[in-house]
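For reference, the structure discussed in these notes is given below.
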Amino acid sequence: MIVSWLHKYLFALYPLLILKKMEVLKTVKEVQDKFISLRSQGKTIGFVPTMGALHEGHLSLVKQCIADNDICIVSIFVNPTQFNNKEDLVKYPRDLEKDSQYLAEAGVNFIFAPSEKEIYPEPDTRQFDFGQIDKVMEGVHRPGHFNGVAQVVSRLFDIVKPDKAYFGEKDFQQLAIIREMVKQLNLSVQIVAMPIVREASGLALSSRNERLTSKQKEVAVNISKTLFESKKWMDNLSVKQVIDKVTDTLNSFDELNVEYYEIADGYTLQSVKDWKGANYIVGCIAVFCGDVRLIDNIIYKA
Ligand code: PAF
């Protein structure tokens, strides 16, 4: 009887106990005060920047961050400057309570959930120059997007001053941009890239998947399926033929509409003409499934 009462009591308290271990910081000053003290104790700081709507993909970054560092901090901030489509910004899913619960259970030490005013007390007018890296793919179809990403990530790095920061390879071009930004700004943070996390069906996890109907989700599986299949075509088809075949296959499905499919050098992101054109080759795709824009990629050569 006592054991069962104790069990019930502890079970009810469990969320409070784990949540108590994690702190939600809202202001830049709170982060700076906490982290100056942690750094002076010699603690290493790992950082996972996010826009919330967390899923298993984010969890893989968080797990690695916790494994590698003394302290893990996750930011949740839907950054307006990286949305070239205002409707997308409005529709972006937001649920801080659910995300906090998820991160507390994962064992995160701090969440940084600032307001827009904290991040941008003044409008950020900085213009980054990433050379050719942002003149292709997402850079063409989402003008200004990577400038906004660089603005927010550099600002967050400046506030948190992490030793390591974690990003997913699903946003392959974003990763290249962030590496270039770190180089240009001469920052000491180490960028850690984590592999794409997929559903059992192969569909790459994305916060946008929440907006797919169950029928659209079934169709969207063909994106990864076709990319995986296309690796087998390399022996017999040219780069151009593979691009065309991937595009035509996907466009043949109702609801799917390929915005671009490019096969590029994995470092420079410039298109390759043949399979011998680079040592590291990636295929990057953006596809509309209904009105939901999905991205994915595949490594052909590493
Ligand atoms: O990948 C994302 O979720 C965002 O682009 C990032 C890096 C958190 C910047 O807002």
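Structural remarks
- Residues that are surrounded by 15 or more Cβ atoms within 10 Å (Cβ to Cβ), modelled with pLDDT of 95 or more, touching a strand residue (DSSP E or B) at 6+ places or on another chain (Cβ under 6 Å) and hydrophobic (A, V, I, L, M, F, W, C) do not occur anywhere in segment 124-131.
- Evaluated against (1) farther than 24 Å from Val292 by Cα; (2) surrounded by 15 or more Cβ atoms within 10 Å (Cβ to Cβ); (3) touching a Ser or Thr at 6+ places or on another chain (Cβ under 8 Å), Asp274 falls short on exactly one condition, (2).
- If you go through segment 206-236 and keep only what is small (Gly, Ala, Ser) and within 16 Å of the ligand (Cβ to nearest atom), you end up with Ser206, Ser207.
- Flag for Phe128 being among the aromatic types (Phe, Trp, Tyr), more than 22 Å from the chain's Cα centre (by Cα) and either within 23 Å of Tyr166 (Cβ to Cβ) or within 16 Å of the ligand (Cβ to nearest atom) (or both): no
- Taken together, the residues in segment 71-92 that are within 15 Å of His58 (Cα to Cα) and either open to solvent by 40 Å² or more (accessible area, probe 1.4 Å) or in contact (Cβ under 8 Å) with a residue 60 or more places away in the chain (or both) amount to 3.
- Residue check for Ala106: within 20 Å of Val192 (Cβ to Cβ), free of Cβ contacts under 8 Å to residues at least 12 places away in the same chain and of a type in the set (A, V, I, L, M, F, W, C): no
- Checked against (1) free of Cβ contacts under 8 Å to residues at least 60 places away in the same chain; (2) in a helix (DSSP H, G or I), Ile263 meets all criteria but (2).
- Number of residues in segment 191-212 that are over 15 Å from the mean Cα position of the chain (by Cα) and surrounded by fewer than 15 Cβ atoms within 10 Å (Cβ to Cβ): the value is 3.
- Residue match in segment 174-190 (condition: under 25 Å from Asp291 (Cα atoms) and either open to solvent by 70 Å² or more (accessible area, probe 1.4 Å) or touching an Asp or Glu at 6+ places or on another chain (Cβ under 6 Å) (or both)): no
- Selection from segment 137-160 of residues that are part of a helix (DSSP H, G or I), open to solvent by less than 10 Å² (accessible area, probe 1.4 Å) and more than 12 Å from the ligand (Cβ to nearest atom): Ile159, Val160
- Pairs where the first residue, in segment 166-181, is under 13 Å from Ala150 (Cβ atoms) and modelled with pLDDT of 95 or more and the second is more than 10 Å from the ligand (Cβ to nearest atom) and of a type in the set (Phe, Trp, Tyr), C-beta under 8 Å, 6+ apart: Ala176/Tyr267; Ile177/Phe130; Glu180/Phe130; Met181/Phe128; Met181/Phe130
The values are calculated or read from the model by the stated rules, or taken from the named source; none is laboratory data. In this text, all values refer to a predicted model and were calculated from it rather than measured experimentally. Every residue, glycine as well, gets a Cβ built from its backbone with ideal geometry; the counts of neighbours run over all protein chains shown. Please note that ligands, DNA and RNA were not included when accessible areas were found on the heavy atoms of the full protein model with its side chains. Shrake-Rupley method; radii C 1.70, N 1.55, O 1.52, S 1.80 Å.
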